[in-house]
Structure formats: structure tokens, C-alpha cells
Amino acid sequence: MEVSRVRALRGANIWSHHTSIEAVVTCSAEECAITRRAGFEARLRDRFPQISSLQPHRQDGSVSMAHVLELAALGLQAQAGCPVTFSRTTPTVETGVFQVVFEYTEEAVGRLALKLAESLCQAALNDSTFDLASALHELRELDEDVRLGPSTGSIVQAAVARNIPYRRLTNGSLVMFGWGSKQRHIQAAEIDRTSAISEAIAQNKELTKTLLAAAGVPVPGGRTATDADDAWDIACEIGLPVVVKPKDGNQGKGVTVNVTTREQLNLAYAAAKEFRDNIMVERYIPGDDFRCLVVGGRLVAAARRDPPQVIGNGKHTVRELVEEVNKDPRRGTGHATSLTKIRFDDIALASLATQGLDAESIPAKSQRVKLRNNANLSTGGSATDVTDDVHPDVAARVVAAAQMIGLDICGVDVVCESLLKPIEEQGGGIVEVNAAPGLRMHLSPSYGKGRAVGEAIISEMFADGEDGRIPVVAVTGTNGKTTTVRLIAHIFAQSGLRVGMTNTDGVYVAGERIDTGDCSGPRSARNVLLHPDVDAAVFETARGGILREGLAFDHCQVAVVTNIGTGDHLGLNYITTLEDLAVLKRVIVQNVAPGGTAVLNAADPIVAAMADNCRGSVTFFAHDRKNPLMTTHRTQGQRVVYVDDGHIVAVEGKSQHKVPLADVPITHNGSIGFQVDNVMAAVAAAWAAGIDWDDIRAGLKSFQSDSDNAPGRFNMFDYRGATVIADYGHNPDAISALIQAVETIPAKRRSLVISGAGDRRDEDIRQQGTIAGTAFDEVLLYQDQCQRGREDGEVMKLLREGLEGAPRTSNVEEIRGEFIAIDRALGKLGDGDLCLILVDQVEEALGHIAKRVAEA
Amino acid sequence: MTKKKDIEVLRVTHLRGPNIWTYRPVIETWLDIGELEDLPSNKIPGLYERLTAWLPGLIEHRCGVGERGGFLERLKEGTWAGHILEHVVLELQNLAGMRTGFGKTRSTSVHGVYKMAFRTRQEKVGRAAFALGRDLLMAAIDDKPFDLKQQLADLTDLADSYLLGPSTSHIVDAATERKIPSIRLTEGNLVQLGYGARQRRIWTAETDETSAIAEGIASDKDLTKSLLQSCGVPVPEGRMVDNPDDAWEAAEDIGLPVVVKPYDGNHGRGVSLDLKTRAEVEAAYHLADRKGSGVMVEKYITGTEHRLLVVGKSVVAAAAGETAWVTGDGKSNIIKLVDEQINTDPRRGTTEASPLNALAPEVGDAEINLELERQGLNVYSVPVAGQKVLIQRNGNVAFDVTDKVHPTIAAKAALAARIVGLDIAGVDMVLEDISKPIGEQQGAVIEVNASPGLLSHLKPAAGEPRPIGPAIMDHLFGPEQNGRIPIVGVAGSQGNNLIARMISWLIQATGKHVGLVCGDGLYLDNRQVEKRNCVNWDAGQRLLINRSVEAAVFENGARMILTEGLVYDKCSVGVVTDMQGHEALKEYYIDEPGDMYKVMRTQIDVVLPDGVAVLNGDEPAVVELAELCDGKVIFYGVAGDTEALARHREAGERVVYLHGDNVVLATGTEESALLPLSSLKHAKGIAPTAVMAAVAATWALGVTPELISAGLMTFESKLKKPNY
């Protein structure tokens, strides 16, 4: 078995909506029916007992190695704890070659699973060893490493539940929600509006105290000490006992609480000095540590944080008690569990010493013994949810504290006896305010109920009903994509939206081209969705990107499929039939949002059939309103767009909108049929996106098919009284449509300049020649720059074959070089002639033609 | 008591707010000049000469004379020690870098005792300047030597460490210019602009809108670059490298020449440009690796480094860098050439105040050494005459080019800041020509910096300084906003805490969160947060920094005005009920009833032009304050339509008076009865005059008569047990 071409499909794809690994797997004849090999399945199960049952998928009742690989890769991930379910293996047209697809949640884990699955298969084949435990361990470790942490994960889950799209921007916890101008960011429990100044204030304990006191929030009195003597003076001023701690410290390092004597204070001062230069002395507030989480102006969770402790029974030593507590299966060692094992280290021993104990002391029954002063979960502390206990006055103070510092997400540390009563009544106080607080203690506290913290944070960023999405229109088809995309973008811009657009010419944002080249793939679309100035996006969605990576978005508001016709690029990437192509192109239709719309060409049966795959509504368009599909659809009260009496007509139930074709210049009064198709598709898409009809009309009117708007899309020039039309059409349907269009333009002699793209099937290239032969008096064949894998002259030869016996063409020339061919054709033109130039290097060729026109 | 020929300091008080001297904080000193009372300056031989020799800048002091040299004229004619000390201290403050101008000296009722006040921007520096000034003046009087240079250096150091940094102080000045008040929250550069709920915060060139996440993104250069690139902002190709070999490999992948720089560097430290050979790349790697933050290799883009400062959505300033060259003379080594040809530029120096840094190749500046090495030289090499030697490629970016920035370049810089998410950012771009479209040249954003330094725009080495502060103000405050909340100050001695509480109650009726400080404590709405007497500056300040306070009411006593100054710089409504109580203020040299005028006027002096003075029309001494008010005046009284009230009404102005039992609001001839006093909840316990004052003050704030009336009927005059 050989695994080649492994791809990560990072969005919805031809197989499913799930992120998946796709691999091309070549099996030997024996491997095609591997379960017929004696003992294979037993050896496989022996090494990986949890693998799903091998359902035969061959007529002979056997299963291929590719299929085993698929199940192994999926099963290993599932056993390692990844929530994955989808997988599939499909034979290709080539014997023994399969496409294996299986879902992943983390790309790196999916890729590793494929590798491990391969060695599992080999081990089962060769009867060698496979260490399942270590494989699963490796997968688990990697997964824990790369997946989002629990805090960020909870926020992301809450976003997903609200249908808000998300994207990780780094391997860390920086996540973008929403798209374009509606995007927001979080990083762990910080949101993009969290002010850096407020974070800095929260780090400055003295300033924090001053500000909190100003806000009427109870805080422990005290101040910074200049030296140990001064510290003692402060202690005497504010009254013993006191807390001594480093100013601007963190995680409780160097903090000594309940200092009551001069000796203790000296020690505490020295301990704090280890961490910071500036030392604070504060009133010691007895009671428990509570953490209150404020999101926006609301208290959303509260937890009591207990330091690691054991309770004496009068029989066992401290060491034994700790061992007993650590037997609790919930106490893990990592960050993923709600409790962690209590560490029995120097800090614990020191803490015992302050209580007059050591490891071998036997505490009295019910005696509480602390093993540490801080309550961090990671060092064995525990968190108990007390959200429902919080007294309204406590909540008000805690919220005031967060507000005063200016933190929208804030962990407020309160020390008091209980949150059931106002803090002031108990002589308690707010001791610290934390930016980017940990959420774990509220999401999965050691004891009590988990709280919907992620939901609260998402609500803080997105108002009710908002999902951070901008209108996204995806356009695909064999011909007309680029013009349709440009026209939709133009109409959107007309309505005041800043539009991001991708197509085969580049990426455009608000009219400015920010990238060049073929940008019809998911990477460019993702870039547009990342751009802060984009209010709406229109994507030309080419087949290559869908195959390579899947879609760049989870849902689109509108999907437009212009046509499939006789197809294009057939034969590439195992897309061999029109049906395959339809499966590929309908991916965008399958991913229309539930409230969205698919705009489908009713005149193209393959396209029209995609209606069944759409979860949203469907708008059909076709020239002919009597098309049976159109009639039925209209009668059902659904939207249709057609041409009637020189107008584009859009009908939904009893309401209708009309646009005279005379007001749509690119159709040349409706004479250019394929442009009318493009206009219908664009109108339907704009209508689906809720664009105002006045804007749609104005957009159609102001859209010119000149080279600025759509380079290479039926650009017309006047050259010495002859009509020159340049277009990028490269397949039989496009050429048919162009011929249909140029035939409406009167001309004496008609000539064609044509090359052929090498990556098309032979028969398609030949057919282009045949079509040309019916409509042109003269054909100039040229060889383009990139032969896409063809031999020199091969494409021209195929075209010439197609031209053999042409009914109209009387003269055929072969020319090397696009510009030379153009010049040759132009040179032959007389007044009233027409020349259609199928350009290859679009911009350069258009520039060249424009130059010649200017010179003439 | 025998008098000495000395200046004895009886008291030094920092008046932190508007005071009897001026609107701004001052240090007030009480001086007993003893025997010097009989020795004005013209009677002390040589004093004039000694003082002008030590402090030649005194010539600029206009003093009362009103023109340059004014003070020196007085000094020559004869003036007393207190007054001289005032000018000495002001001059010392100026020399230490704390520019101030205001000072005043007044004699008291006691022979030889003066009150001298001088403006200061920072208490510690002011006090130190005062102590130094006294020593200096005594040395001048006694004709003793004085080491001014050393002492002044110490004072300057003190000023440097306690004054706001130059960028922050520029921003604060811009706020002051827009009449936006400011409060310094720390000894550092954290400043609050505006009051209470309308405040904003700045910390050097960060605002409270500057996102912490955005700062994180900006400091992650790789991430920044990839985000910028995705959105169509040109960036140089490059990547992180692990070791010198990897650096060379990256350089070959990217294509030579390359730049090698520390991942986390700034100010061009450890950055080497235009590297073409393996040896150069490896040397540069080691240089960059010293920072320890990792090393990046990037494509070298020819052009000049620029810094574009983005505030909000637009570029407000741009500066270009320069390369430094020397030309050999065949005799001097590089060190000497640099000193003669580069460091002689007066703009170059070693302090922050110098627009350009002095170059010091001899102390082992690694970038310079690497640059020289690439030219086959070292600092001791002696270039031949006419040989041009490149010393620094990436020098100070301090040449203002704001007016030249092409709009497409400005748009890219602003977009870069927006992508990262920073409201204020320094965008570093390498450009061939900043005045040409970005599309017509090689050019790229190489870094986006949070909290950018502003000095290169405020004090450019060449070109105009740019008004960054005003731009930041426009970014933080809308055109009509000044960051102020309604503030009511109530000054007087009679039952004013009741008036203050009543005003607070009536404002709450409008739905605003009100903060109140008075003799009964500190209140946030009706919550008593502090029980002790809060008629003091610290308590008042708590209201102004509280972000939830939408209106604030202050009770102000004469003693507080004398010892601390007012808490706020300006107020919407200033109430004065009476001018009594001078008897208790003898210790402040307030000796007779008339002296109260200059104390209580402070409350009226600070009324905003669109504010209102609310004055007790029944007290003739209070009525006199009306002419001091920049805004409108409302008189109130319980003695019916008195003459003062009547005249005011004739002028079409507002008064509040008692007609029988009815509280009447009148504007000119129009009047309407508000309510009968007897309808108040505890009518008997409340002095009618207090009700009048409170009604007038809230009416002045624009509270509707209906709300005032409803509020009065529910007002609890007796304090309830505090519920915290």
C-alpha cells in the first residue's frame, strides 16, 4: 500500500461538512481484498481491538487495505478522545487507487493518525508489533498540545452554538469570531476591547486599591513599605494581623498572611523581597478566598477557592491523609481535570511548620490542615461554585470594582466569611482584580455547578441576534463566473457596502486590488474574511480550491451556480464525468446557510438538480419563463428571474420587479445572451442578499464591461472601423456563448484568434476547433505561454484537427506568440470586419490591444 | 524675640486645586524675613550683581512692571526678600525643566511675615526648588559661595523623574488647550482626562481604547506580518531562523540582499541591513541573537525607513530616517571623523531631549562596527581623503515628512494599524519615496508598534513639529465633548452639608449617578461610603476619579480652600451661602470679615462660562461676588423680592425666592410657583434658605421644576443608618 497526496480539507468539501484528511492510496491487487488474506483481520483486531467492523464493500465480500486504513485512522483518533465520526473510502477510475477520507478535529492529530494507521496496517500485514498504548498516548498528547485550552474552548463552543463563525489565528489562544468588518477577537479570557491600560492598572495593586476605594469598594487598608521597619510601622498603624506581599506580584508568590508579630513580619518581608523590590503591607482579612467573575456589567460566576488541605481523623499522619486524598480519581496531574494532586513538597512542609505540624504529625479529628496558602487548582487547591450564594450588594461591589478598573472581563478576588452577606458587614474586602482571569474554576469547578461563562463572554461581544457574519456570496459554474462575481460586487458597492471580491484576476477590497493572479481559492477568500474593512464578500469559487482544501467558510448567504454545460477541466483530480463535476460544484449549494439562497440556472438540468441539496431557498433563473421548472417554482411562490419583452423580470408570488435590458449596458440591449445570463444570476443574488432594488438598477446601469471592470470579459474595441472583441473564454461552452454573442453583431468578414489550454481533455480542445469552424472565415491559432504539460505544438494540432472540414473557415494560420498573433489578426482587418481574440495573458494582451487601438 | 537676618520658613503648603492665588496648583509658603524686612534689595550691596550672575534668566521676568527686565528693575530699586525668593524659585524651576510663570507675594498683618505662592507642576519638585531657592538667596544676601551647578543638576534629575514624560505632557497640554481637565493617577505617565463617568485614560501614547490583544499582536512580528499580508499590505518576505546556518539558508530562499534582526527588537538595535554574503549574514545573526528573543531574516527592501504615526483612522505625522556618512581626510580615524562630521550637529546629543543621538563608534556600537567591517574598515581605520564611509544606515527616524505622504501610503499605514487593532500606532515602512503611490515603488511595512514614541514628531530633527496631542484629543473626545460631568460646589458656613445632600438628592431624580462629599461623609447615590467628615481634597478627588459618577456635589469650606484648594478646576454651578466664619481662620491671617471675599470668591472664579453662580441674595457680601462669575448668576433668598433680586430680574435674569410659603422660580418677569415649603417631608427641620439654595442650584443645572418639586417632597433630611 502506498499513501500519496495527503490533503487537509479545512472546510466543507465534496465529501462532507467536516474538516477531513484526504489521501490517495494505491493498493496492490492483494491489498484490494486484504481481508481475504488469512489471519489479517485477526492480527488487526489483536493490535487494535476497538477498530470498527470491516463492512465488505466489494462484490466478493472483501475489504481493501485503503478501507482498513480509513477505519484505523478514524478509530485511533476516536480512541484518543477526538470527537470524530465521518470517514469514507472511494475507488477511483484507476484500478487499485482509492481516495481515503476521514474527519479530524485537529489537523496535526489527523495527519499523525494517518501515519499511525499506516503502521498499524503494516504491522497487521507483517505480523509485527504495534504499540497501541503509545500510539494513543502520542495522539492524546499532541491533541492536548494543539487544541484550544478549556477557557478559550468554552468561548468558542458558545460562539458555535450561536452560529458565529470562528477561526484560530495562531497556534495559541488568539481566535477571531465573525468576518470582515464585524470580526471580533479573543485571546484566552481577554476580548479585543480589553484595554491595555486597564490591565496595567490591575497589575498595580496600590493604584487598584486607590481606585477601588474611590468607587466605594471595600479594600484592605495599607500601603507600600520602604523597609522592614516601615512595614512594622504600617502594621501598627492599620492594626495586626497583616498581610505582607510583593507589589505587582502574581500567583501568590512571596505572600505571607496573618502576620501578627515583629519576628513574623521580618521573615515575611524578606520572603516577599525575593520576588519584588516593592513590598506592601495590608490589613489581614480573615475568611475564605472567593473569586467572582464579571463579564460586561454582570457577575456571571463565583467560586470559593480552598487551598489544598486535609482534615484530621486523629489516627493518620498528615502524609497518610494527603496520600488518601490524592487517591481521588478526579485528582489528575495535568491542567485538564477539575482537581489536581496535592503536592507534598518543601512549600507544603513550610506551610505545615507554620501550623506547628510536620509530615508525620497526627492531626486531631476534624482539624483542618493546610498544605499551601494559595488556592490555585494547579497546586491541589479546589474550587467550589457559589454563584447562587452571592448577595446583591456583593455583586454590586464586585461589578463596581471591574468597572472602575475598566476591565470588561475581570476576576475579582474577595476575602470574607461568606458571599451571602454584604462584604462590609463582615469586615471583608476586595484584595485583587485580575485581567484575563482563568475560567476553569467556573466551567468545571471541583464541586458544584459549572457556569455558562463562554456564553456570557460571547454575549458581551455580540448582541442578541448578531452572529458576526457579513453577507457572503459564492459563485461557481463553468462559464460566466467572473462577470457574475464582478457584477454582484458592483451592485453591493452601489448599495454602500465595502465589498471584498475574489476571482481569477485577484483579490479586491473596496475597489482596490490587493492581490493578483488566480485568487479563486479558499486562501484568498479567507483573506477577504479577515480584512477589517470588508462589509460583504463575493467569491468566485473555483473547483481547484474546493478539491484542495474545501471551502473557506462554513456557510454562505447566497450560492450562485451559473452553469455546468459540457464541463471544463474534466479529467483532473479524479473528476472525470459531468456528474463528478456537479458533485464538486454543488458543495457551495450544500453549504448555503439555512436562511440563505441558492441561485441556480434552471436551463441547465445538472445545475437545476442541485436545488435538492440546498437547505435554504432557491431562486431559479432562465431566459425562458415557460421553462417547466421555472413555471412550477413560480407557481409555488418561490423566486424566479427571467427575460420578458426586453426586461429582466424578478418574480416572487404576486410581487415583481422589472429592469429594462436597455438599462443594462453589458447586455448590449439584451443582444449578448451570455451576459443576460450573468445579469440574471447577479440580480437574483443581489435580491437574495436583500439589496434595495434601486441600488440593483443603478448598479446594473453603471456596470460597464470595459477592461477596468472585467478584464478579459467581452471587452470591445473599435480598430480602424473594425470591431475587436477580447475575451478569456477557454472551453467549448464559453466559445459557443461567445460565438452566439458575436453573431448578433453585424460584420463583413469574421476572424478568430485562439489558443487552447493544455490541461483540457483532447476532445475538448478539438471541439473548440470544430465550433470555431462554423462561425469564422479565418482562424489564427497561437501557442500560449504555458503549455500545461503539452508537447510543443500539440494543442495547435488538436485545434487544427477540430477545424478539419469546417463549413465556414477558409483560412487557418499557426503562429507562435500571443502578441504576434494579435498583430497579425489586426493587420488583416478592414472596415466593418469583426475579430474575436481569445486572450491568454489577459492584462498584457488587453494592454497590447489597447495600445494598437490607440495607435490606429 | 530677636529678629535675625534670615528667611525663616513658617509653613509650606501645596494647594492642589484652585485657591486664593490662582486657578492652578501652587505652593504657598509663609515666610518670616525677620531683620531683612529692613533690608530691601537696594540696601544689600552686591546682591543684584550676585543674583543676576547666578540666574541671568531673571531678565525675562516681567513681574508687575509688565515687560522684560521688569523684575530686575524692581530688584534694583529695592524689593523685599519674600518677593525676590518668589522669582528665584520660579527661575530655578524653569532651569530644571519645569516651566511655570505665576508667583505672588503678599505681606500679612504681622510685621516681616509674608505669604509667598508660586505655581508648580509637581509638589516634590516645587518643594525642592523652594528649599534650593532659599539657600541660594541667603548665599547671595550673605555673599557666600554657592554651588548652583551641582544643585541645579540634582533638581533637574528630580524634575526628570517626577514630571510627566515629554510625550504625555504634550498630550495633557493638548487636553488643557481644549479645556479638558486632567488628573495624574500615578507618579508615572498614567493620566485621567476628564472627570467621573466622562473620563478617558492615557498612558503615554496608549489610550483606554488601546486593546491589550492588539498590543500582543503587534509584538508578535510574524503574526503581524501574516495578518498584514493577508489584507494586502505589503510586507517583506521572511521568517524566523534558529541558527547561523538556518539564517543563511533563509537568506538564499528569500533572495539576497537580506535584513537580519532580533524578533523583539526596537529602535533599530541589533538590526543589520543589506546583507549580501554568508559571512555578513552569520555575523548579523550573532548580533541580533544577543537580544535573546529569536532572530528573523527578511528580504532587504531598498529605501528609507519611515515612521508613520496613526491616530484613530488616519496618519497624523510621518518622519523619515537618514543614513549617516563621513568623508575621509586621509588623516583622521573613523572615531574622529564621526565626532567632527556627525556629532558636531547641534541636534545630536546624549539625552532624550536631543532630537538625534550622538554616535559613539569607539564604545563598541555593534551595528556601526558591522557596517564598517562590511566596508573593510574598523573604528581606527583612516580613510583616504575624499573616501565616503557609511556609518549608520538606519539612524534616527526624526525628519518630518508629514506633508509629503502620498494618500495611498497613508491609507496602507492606517489599514495596518486597523488590522492589528491599535487605535494609536507607529507604523514603520521602508519606502523609496513617500510622496509616490505605494503601487509605484518597492515598499513595505516592516513593523507596527504599540505605544509609539512621539518625540520624533514633536521635536523633529528637521521640519515642523506636529500637533499630535490635539489629534489624540480629537480621537478621544468628540468635537463637543470636554470630558466634564456636572459639578456643583457649595461654599459657606451655614448648614451647607444639608444643601449639598439636597442637591445630590434632586440630581438623582434625573436618573444620574451622583457622588457627594460633605461634612457627613462620602456618598455614592444614597450609599454612605465614608462616615467621617469628607470636606477635604482627597475625598473629593475620589468622586472625580470614579468612573460611575455622572454628577458630583462638593461641600467646600473656607478652611479647605485655604489649606488645600478646590478639588475641581472648574464647576458647572458654584453656590455661596454666606461669608461668615473669619473668626475661626485667624491662623491663616484672615483677620476681618472683608478678608473672606478673597477666600470665597475662589468658588465663583471657577464657574464655567456656561455655568451658573448661585448666590444668597439676602447677604450683601455674597451678592458682590456676582460680578466675578464667567457664567450666569441666580440669586436666591427668603426675604421676599429684595432689591438685589429685583434688579437681577429686571435684567431678565433668574431668581428663586419665597413668596409666602411658596418657592417661586422667576426669570425676568415670568415666574412660576414650584411648591409650598410646608409640603416637604420634614419641613420643620429644614431651613428655608437651604431649600432655596438647593432649588436654585438644581434649576441652574437644568433639572426641570417638576423633578425638583417631586424630589423635594421625597427628600429625607435626617440621615438614615448607613447601609454601607
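Readers should treat all values here as calculations from the given coordinates under stated rules, not as data from a laboratory. None of these values were measured; they are calculated from a predicted model. Cβ coordinates were reconstructed from backbone atoms using ideal geometry, including for glycine residues, and neighbour counts include every protein chain displayed.
See the values below:
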{"quantity": "Coil-residue trypsin sites (Lys or Arg not before Pro) of the stretch B:187-289, DSSP, other Cβ within 10 Å capped at 13", "calculated": "B:Lys276"}
{"quantity": "Near-label residues of the stretch B:654-672 by backbone N, under 19 Å of a point 7 Å along Cα→Cβ of B:Ala646", "calculated": "B:654-660, B:664-672"}
{"quantity": "Rounded FRET efficiency, nearest 0.05, which uses the C-beta distance separating A:Thr632 from B:Ser293 and R0 of 56 Å", "calculated": "0.25"}
{"quantity": "Rg/Rg_globular for chain B, with Rg_globular taken as 2.2 N^0.38 Å and Rg from C-alpha atoms", "calculated": "1.20"}
{"quantity": "Cα long-axis angle, helix A:762-775 against chain A (0 to 90 degrees, to the nearest 10)", "calculated": "50 degrees"}
{"quantity": "Distance (nanometres) between label positions extended 7 Å along Cα→Cβ at A:Lys365 and A:Asp694", "calculated": "8.7 nm"}
{"quantity": "Residue-wise HN-Hα coupling along the stretch B:184-190, computed from phi with Karplus coefficients 6.51, -1.76, 1.60 (Hz; x: Gly, Pro)", "calculated": "7, 8, 9, 6, x, 9, 7"}
{"quantity": "Interchain or long-range residues, amide H under 5 Å from A:Ala598's placed H", "calculated": "A:Ala559, A:Ser617, A:Val618, A:Thr619"}
{"quantity": "The stretch A:1-126 shape via C-alpha gyration tensor axes, a/c threshold 1.5", "calculated": "oblate"}
{"quantity": "Derived scalar couplings ³J(HN,Hα) [the stretch A:500-507; Karplus, 6.51 cos²θ - 1.76 cosθ + 1.60; whole Hz; x for Gly, Pro]", "calculated": "x, 9, 10, 7, 6, 8, x, 10"}
{"quantity": "Three-way shape label, the stretch A:761-851, alpha-carbon gyration tensor, a/c 1.5", "calculated": "oblate"}
{"quantity": "In degrees, nearest ten, helix A:732-743 long axis to first principal axis of chain A (Cα)", "calculated": "50 degrees"}
{"quantity": "Chain A - Kirkwood radius from inverse mean 1/r over Cα pairs (Å)", "calculated": "32.1 Å"}
{"quantity": "For the stretch A:554-698: rounded, prolate or oblate by the Cα gyration tensor [a/c cutoff 1.5]", "calculated": "prolate"}
{"quantity": "Long pairs among A:Lys115/B:Lys291; A:Lys701/B:Lys225; A:Lys253/B:Lys313; A:Lys341/B:Lys225; B:Lys221/B:Lys459; B:Lys261/B:Lys459, criterion Cα-Cα beyond 31 Å", "calculated": "A:Lys115/B:Lys291; A:Lys701/B:Lys225; A:Lys253/B:Lys313; A:Lys341/B:Lys225"}
{"quantity": "Contour excess over end-to-end distance, with Cα ends at B:Asn533 and B:Glu480 and 0.36 nm allotted per residue", "calculated": "15.4 nm"}
{"quantity": "Crossing angle, helix A:132-146 versus chain A [Cα axis fit, 0-90 degrees, rounded to tens]", "calculated": "90 degrees"}
{"quantity": "A:Thr226 paired with A:Glu425, simple spin-label distance in nm, labels 7 Å along Cα-to-beta-carbon", "calculated": "4.3 nm"}
{"quantity": "Rg over Rh, two decimals, the stretch B:77-160 (C-alpha only, Kirkwood Rh)", "calculated": "0.98"}
{"quantity": "Sparsely packed GluC sites (Glu not before Pro) within the stretch B:34-140, loop by DSSP, other Cβ within 10 Å at most 14", "calculated": "B:Glu67"}
{"quantity": "Extension gain (nm, one decimal) between B:Glu592 and B:Ser672, 0.36 nm per residue minus Cα-Cα", "calculated": "24.8 nm"}
{"quantity": "Debye equation applied to the C-alpha atoms of the protein assembly as shown, log10 I(q)/I(0) at 0.04, 0.06, 0.08, 0.09 Å⁻¹", "calculated": "-0.39, -0.84, -1.28, -1.43"}
{"quantity": "Pairwise label distance in nanometres, A:Thr261 with A:Arg88, each label 7 Å out on the Cα-Cβ vector", "calculated": "7.7 nm"}
{"quantity": "Fully extended contour minus Cα-Cα distance, from A:Glu324 to A:Glu791, at 0.36 nm per residue", "calculated": "160.3 nm"}
{"quantity": "Interchain or long-range residues, amide H under 5 Å from B:Val614's placed H", "calculated": "B:Gly574, B:Val575, B:Val576, B:Ile634"}
{"quantity": "Interchain or long-range residues, amide H under 5 Å from B:Leu190's placed H", "calculated": "B:Leu185"}
{"quantity": "Coordinate range along principal axes, alpha carbons of the stretch B:154-298, Å, largest first", "calculated": "58, 45, 22"}
{"quantity": "Averaged over B:522-534, number of beta-carbon atoms from partner chains that fall within 10 Å", "calculated": "2"}
{"quantity": "Span-like helix ranges in chain B, DSSP H, alpha carbon extent 24 angstrom or more, Kyte mean at least 1.6", "calculated": "none"}
{"quantity": "Hz values of 3J(HN,Hα) by residue in the stretch A:795-808 - Karplus curve (6.51, -1.76, 1.60), Gly and Pro given as x", "calculated": "5, 4, 5, 5, 4, 4, 4, x, 7, 4, x, 5, x, 10"}
{"quantity": "Beta bridge orientation in chain B: antiparallel %, DSSP, nearest 5", "calculated": "75 percent"}
